[in-house]
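The structure that follows is given in the form of structure tokens.
The values are calculated or read from the model by the stated rules, or taken from the named source; none is laboratory data. Here the structure is a predicted model, which means the values were calculated and not measured. For neighbour counting, all protein chains shown are included, and Cβ atoms are generated from backbone atoms with ideal geometry for every residue, glycine included.
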There are 2 protein chains.
Amino acid sequence: MSAAQVIETFFNPYAIAVIGASRDPEKPGYVILKNLLENRKRGILKSRIYAVNPKATEILGVKCFPSVKDIPEAVDSAVIVVPAKIVPHVLKDCGEKGVKAVVIISAGFSEIGNVELEEEVRNIALKYGIRVIGPNCLGIYDAYTGMDTIFLPLTKKLRDGRELISAPRPEPGYISMISQSGALGNAALDYMAGEGIGINKFVSYGNKIDVDESDLLEYFVDDEKTRVILMYLENIKKGRKFIQIASQVSLKKPIVVLKAGRTKAGARAAASHTAALAGEDSIYDAAFKKTGVVRVYDMEEMFDAAKALAYQPPARGSRISVLTDGGGAGVMAADEIEVLDMKVTELSDETLKKFDELKRKGVIVPFAVTENPIDITGSATTEMYRISLELLLRDPKVDGVILIALHHIPGIPSIEEMVEKLSEVVWSHDKPVTVCVIGGSEAAAFLRREFDKKFIPAYPSPERAVRAMYALVRYGMYLNKRSVLSEYLKSWKPCETAMFR
Amino acid sequence: MSAAQVIETFFNPYAIAVIGASRDPEKPGYVILKNLLENRKRGILKSRIYAVNPKATEILGVKCFPSVKDIPEAVDSAVIVVPAKIVPHVLKDCGEKGVKAVVIISAGFSEIGNVELEEEVRNIALKYGIRVIGPNCLGIYDAYTGMDTIFLPLTKKLRDGRELISAPRPEPGYISMISQSGALGNAALDYMAGEGIGINKFVSYGNKIDVDESDLLEYFVDDEKTRVILMYLENIKKGRKFIQIASQVSLKKPIVVLKAGRTKAGARAAASHTAALAGEDSIYDAAFKKTGVVRVYDMEEMFDAAKALAYQPPARGSRISVLTDGGGAGVMAADEIEVLDMKVTELSDETLKKFDELKRKGVIVPFAVTENPIDITGSATTEMYRISLELLLRDPKVDGVILIALHHIPGIPSIEEMVEKLSEVVWSHDKPVTVCVIGGSEAAAFLRREFDKKFIPAYPSPERAVRAMYALVRYGMYLNKRSVLSEYLKSWKPCETAMFR
């Protein structure tokens, strides 16, 4: 069985044993069993589910086995939620049973100083050839197969009796995420669900005694539905392995990394958190640059970049044009483009000439500003947007367009029509476009979502749209440096399936 | 009549004439009249409303006068929405009628090269002593008095017949905003409405031939309900006046400025947009620093800072502590604190000793990290949060606290109880606290809103909570430098009225 096949077993096992299944609805051993059973009932999860608990005969209608060894059929995967000191024992049982992939949720290992116990677990895994995710982690979530070991309570109750979804799962999508922090990983899922960003696979690997970021990168590179790999990291233990694998992977798929602990104070905090020295940030930075990893610096930027890289093709260069109906937002975008060392490009003479002609003919308003940033003003219409965007994407001096659509103006009577018309233009070219729609109104949120549905990523501020473009520019420039950009663009395809409700 | 009294007339006139009232529902002259009439019907707007249109006898049930001069009673304020070339004529009428405050919505002046026409308008205003906001602007909105000249369509229609709110007005609140860009100002209102950030007064002054940012600062400093003044600027024409006034104002109220056009490309764009040279950004930067203006660099940061400055007291220094239940988010906060040149402070020996005692007694979990950032882990409870926050706010080495509340953990069974308990702690001290709640789930959004309701500003990422704190630190340090901080804090009072639905 290849390494990739074993990793696949985590997400799509033939059978899964919940070791430490519990009758107490507050306990992870209950929540996990319940979620798995529900996913199977809903027809998503195909795996057989077994409960292991020597003190119970039945939980949630499922028969309990005293040990995984007592299960009469083959079991290839297990999730362990027993107290730390029993983990070696049940892991040995897994080994004897022939279980190949084990998620250890249990905490109480090196993160609180129990280094020897962790070492014992590692040795058992090695002896039996078991691949382990964890311990001290949230485990995994796969939106397509329904594998789900996230044990946090699904809802919070309010005093008036209402129950609010507290730990939502994002819709199926194109992003796979690896998080060294469980809490942050879960918060990230919450964020993605709220923003309508789809997920493919999620892994929180905690103390990573075995499966690490490099193993997962190797797996995700060939995972069909993964278009972007997202990582929250505090340290990388096997640097050489990471560099070797990441440079290969990023030739095929973009990797976005948020590496925390980049300042002295942050590194100190990371050392307390994940019990490992973070090392000099400049070393990480050099490694990321060398391997084509798109580094981001905060959580919002991480998801903004991920959405852009999942939906849009990488840029051929850093010459960016802005198209707006509001001058102020255009100025803000131009500022951010220059701050990020991209170019507010000059347009070609031909484009300028055509814009002049359009103004003369009254196709666009005569007082529109047609030098980049292009400001078609509050008198803009959907048709002016369409024709201007077409001109810009055709211009050989333009590598990408920031489309600012302040929807308030009367000239955009139908926001649905606008998205349809502009999306046709975008998808008849292979240059990236990111969109800014400012506002929290129903119309603003709807418009952003409509663009997202057409895989044209939309953001609530000019700066965020520009930073998302910056991810596409950096990734394109890496591919170009490695001389694979044209080939990459030739085989690049837009997202196909709808990942939206 | 003092200058401040005239400015007050804009927001709270005795009578307002809509000059250019229209029968066409698509026209600004219709939308404005309709909004004013509705605000009067709802009992918010107290002003008498008159319609002026020589070609109509009645619009929306209101009698039309051929000229403002024909109105039989006194009129102190007018909004002009006639074509540019008729503006001088109707403004003269206003002068003869004794109108003191005029908003000129009409566009078609210096912004498209009609400099002479603009000059003519300015001269008429000067001659009659009329104060003018505009031309080429959105005008004003006052959430308390119901004055509202924003003429953009309120809703957008979808194909299925639904109507989505497109140009919402934020709830009444504590922030007053000045925007040099109309479109951006309107987008900002849309953003505030969505985020639940209240507004007091909003001014879009367009070509600012008369009333400018300095006049408005002078007015807002004594405007009771204005706690924070927000400005979107592309240029300041009268620099000396601004410096003189802003330095006075910011001793009493924080001013937050987003100055766009700070790069070469941005300045070029701003020159096309507002027809004025922006000047070297370093000059602006020096002026802002000198006058205590809190400068921000993007739209999100602008509102994040405004919310923090409206709700929380300024910080006495830059020594910040982080309290979290998720290690990763704590690391991210620590990074951002150091990046912004604040300190992830050491705690005093007494605090450290007390934390040790709490761990020994099992009041907080024994494996909690009690050096800053304080990580009370996923095993945290509301009570652990409460007692830890109290210790931190009491510590003389702590100037402010970043409270990270990842709500997913089982130890926070009631998010309402959590907010109540923590808010009691926060408001028994006078040090600023900003909150991070990550996620887009119902529970995350609800929790953020509950904190906001208690005027403890909450943000969806660690970095945004830290940047909001940074605004409080910078403002506090300015007050300190000017030796007025203790006095300021002594008279500082929390927000009193609820500004939430």
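Can you tell me how many residues in region A:40-50 are in contact with a helix residue (DSSP H, G or I) (Cβ under 6 Å, 6 or more places away or on another chain) and either at positive phi or outside any loop (DSSP other than H, G, I, E, B) (or both)? Please lay out each step first, then the result.
First, the residues of region A:40-50 that are in contact with a helix residue (DSSP H, G or I) (Cβ under 6 Å, 6 or more places away or on another chain): A:45, A:49.
Then keep just the ones that are either at positive phi or outside any loop (DSSP other than H, G, I, E, B) (or both); that gives A:49.
Count: 1.
Moving on to the next point. Is there a residue being surrounded by fewer than 24 Cβ atoms within 10 Å (Cβ to Cβ) and more than 30 Å from B:THR370 (Cα to Cα) anywhere in region A:318-332? Explain how you work it out, then say what you get.
Of all residues in region A:318-332, those surrounded by fewer than 24 Cβ atoms within 10 Å (Cβ to Cβ) come to A:318-319.
Checking the rest, the ones that are also more than 30 Å from B:THR370 (Cα to Cα) come to A:318-319.
Within region A:318-332, one or more residues are surrounded by fewer than 24 Cβ atoms within 10 Å (Cβ to Cβ) and more than 30 Å from B:THR370 (Cα to Cα).
Another question, if that's okay. Identify all residues within region A:140-185 that are within 22 Å of A:MET299 (Cβ to Cβ), touching an Asp or Glu at 6+ places or on another chain (Cβ under 8 Å) and either away from chain B (no Cβ under 12 Å) or buried (at least 24 other Cβ atoms within 10 Å of the Cβ) (or both); write none if there are none.
Once the filter is applied, which keeps residues that are within 22 Å of A:MET299 (Cβ to Cβ), touching an Asp or Glu at 6+ places or on another chain (Cβ under 8 Å) and either away from chain B (no Cβ under 12 Å) or buried (at least 24 other Cβ atoms within 10 Å of the Cβ) (or both), region A:140-185 yields A:ILE140, A:TYR141, A:ALA143, A:LYS156, A:SER166, A:ALA167, A:SER176, A:ILE178, A:GLN180, A:SER181, A:ALA183.
Another question, if that's okay. Sort out which residues of region A:333-351 are within 8 Å of chain B (Cβ to nearest Cβ) and either buried (at least 22 other Cβ atoms within 10 Å of the Cβ) or hydroxyl-bearing (Ser, Thr, Tyr) (or both), and write them in order of number.
Hits for region A:333-351 are A:ALA334, A:ASP335, A:GLU336, A:ILE337, A:VAL344.
Show the residue pairs meeting these rules: Cβ distance below 6 Å; 6+ apart or different chains; first residue within region A:123-146 and in a strand (DSSP E or B); second residue hydroxyl-bearing (Ser, Thr, Tyr) and surrounded by 22 or more Cβ atoms within 10 Å (Cβ to Cβ).
Between residues of region A:123-146 that are in a strand (DSSP E or B) and residues that are hydroxyl-bearing (Ser, Thr, Tyr) and surrounded by 22 or more Cβ atoms within 10 Å (Cβ to Cβ), the close pairs are A:ILE133/A:TYR205; A:GLY139/A:THR149; A:ILE140/A:THR149.
Next up: Just a yes or no: is a residue in region A:223-237 closer than 23 Å to A:ALA269 by Cα, touching a Ser or Thr at 6+ places or on another chain (Cβ under 8 Å), more than 14 Å from chain B (Cβ to nearest Cβ) and surrounded by fewer than 20 Cβ atoms within 10 Å (Cβ to Cβ)?
No; the residues of region A:223-237 include none that is closer than 23 Å to A:ALA269 by Cα, touching a Ser or Thr at 6+ places or on another chain (Cβ under 8 Å), more than 14 Å from chain B (Cβ to nearest Cβ) and surrounded by fewer than 20 Cβ atoms within 10 Å (Cβ to Cβ).
When you scan region A:474-484, do you find a residue that is part of a helix (DSSP H, G or I) and within 23 Å of A:GLY327 (Cβ to Cβ), even just one?
The initial filter retains those residues of region A:474-484 that are part of a helix (DSSP H, G or I), namely A:474-481.
Filter again for within 23 Å of A:GLY327 (Cβ to Cβ), leaving none.
No, there is no match, as no residue in region A:474-484 is part of a helix (DSSP H, G or I) and within 23 Å of A:GLY327 (Cβ to Cβ).
Going through A:PHE446, A:PHE455, A:PHE451 one at a time, which residue ends up being part of a loop (DSSP other than H, G, I, E, B) and either outside the structural domain of A:LYS353 (by TED's automatic domain parsing) or among the hydrophobic types (A, V, I, L, M, F, W, C) (or both)?
Details: A:PHE446 fails: part of a loop (DSSP other than H, G, I, E, B); A:PHE451 fails: part of a loop (DSSP other than H, G, I, E, B).
Testing whether each residue is part of a loop (DSSP other than H, G, I, E, B) and either outside the structural domain of A:LYS353 (by TED's automatic domain parsing) or among the hydrophobic types (A, V, I, L, M, F, W, C) (or both) leaves just A:PHE455.
How many residues does region A:284-317 hold that are farther than 23 Å from A:TYR232 by Cβ and surrounded by fewer than 24 Cβ atoms within 10 Å (Cβ to Cβ)?
Step one: filter region A:284-317 for residues farther than 23 Å from A:TYR232 by Cβ, giving A:313, A:315-317.
Those left that are additionally surrounded by fewer than 24 Cβ atoms within 10 Å (Cβ to Cβ): A:313, A:316-317.
Adding up the residues that qualify gives 3.
Also: Go through the residues of region B:404-419 one by one and say whether even a single one is without any contact (Cβ under 8 Å) to a residue 60 or more places away in the chain, within 25 Å of the chain's Cα centre (by Cα) and in a helix (DSSP H, G or I).
Scanning region B:404-419, I find at least one residue that is without any contact (Cβ under 8 Å) to a residue 60 or more places away in the chain, within 25 Å of the chain's Cα centre (by Cα) and in a helix (DSSP H, G or I), so the answer is yes.
Is there a residue being without any contact (Cβ under 8 Å) to a residue 12 or more places away in the chain and either within 27 Å of A:ILE124 (Cβ to Cβ) or not acidic (Asp, Glu) (or both) anywhere in region A:228-238?
Scanning region A:228-238, I find no residue that is without any contact (Cβ under 8 Å) to a residue 12 or more places away in the chain and either within 27 Å of A:ILE124 (Cβ to Cβ) or not acidic (Asp, Glu) (or both), so the answer is no.
Just one of the numbered conditions (1) within 17 Å of the chain's Cα centre (by Cα); (2) assigned to a strand (DSSP E or B) is not true of B:LEU164; which one?
So B:LEU164 meets the others, but not (1).
Just a yes or no: is a residue in region B:233-244 within 22 Å of B:LYS100 (Cβ to Cβ), assigned to a loop (DSSP other than H, G, I, E, B), touching a strand residue (DSSP E or B) at 6+ places or on another chain (Cβ under 8 Å) and of a type in the set (D, E, K, R)?
no
Among A:VAL68, A:VAL81, A:VAL52, which is buried (at least 18 other Cβ atoms within 10 Å of the Cβ) and in contact with a Pro (Cβ under 7 Å, 6 or more places away or on another chain)? Give the derivation first.
Details: A:VAL68 fails: in contact with a Pro (Cβ under 7 Å, 6 or more places away or on another chain); A:VAL52 fails: in contact with a Pro (Cβ under 7 Å, 6 or more places away or on another chain).
Being buried (at least 18 other Cβ atoms within 10 Å of the Cβ) and in contact with a Pro (Cβ under 7 Å, 6 or more places away or on another chain) holds for just one of A:VAL68, A:VAL81, A:VAL52, which is A:VAL81.
This table checks each residue for (1) out of contact with any Leu (no Cβ under 7 Å at 6 or more places or on another chain); (2) at the interface with another protein chain (Cβ under 10 Å from one of its Cβ atoms); (3) on the phi > 0 side of the Ramachandran plot; (4) of a type in the set (A, V, I, L, M, F, W, C).
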residue: B:GLU416; (1), (2), (3), (4): no, yes, no, no
residue: B:ALA444; (1), (2), (3), (4): yes, yes, no, yes
residue: B:PRO457; (1), (2), (3), (4): yes, no, no, no
residue: B:ALA471; (1), (2), (3), (4): no, no, no, yes
residue: B:LYS481; (1), (2), (3), (4): yes, no, no, no
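Let's see how each residue does on (1) within 19 Å of B:ALA167 (Cβ to Cβ); (2) in contact with a strand residue (DSSP E or B) (Cβ under 8 Å, 6 or more places away or on another chain); (3) of a type in the set (S, T, N, Q):
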| site | (1), (2), (3) |
| --- | --- |
| A:GLU416 | yes, no, no |
| A:ALA443 | yes, yes, no |
| A:LEU447 | yes, yes, no |
| A:PHE455 | no, no, no |
| A:ALA465 | no, yes, no |
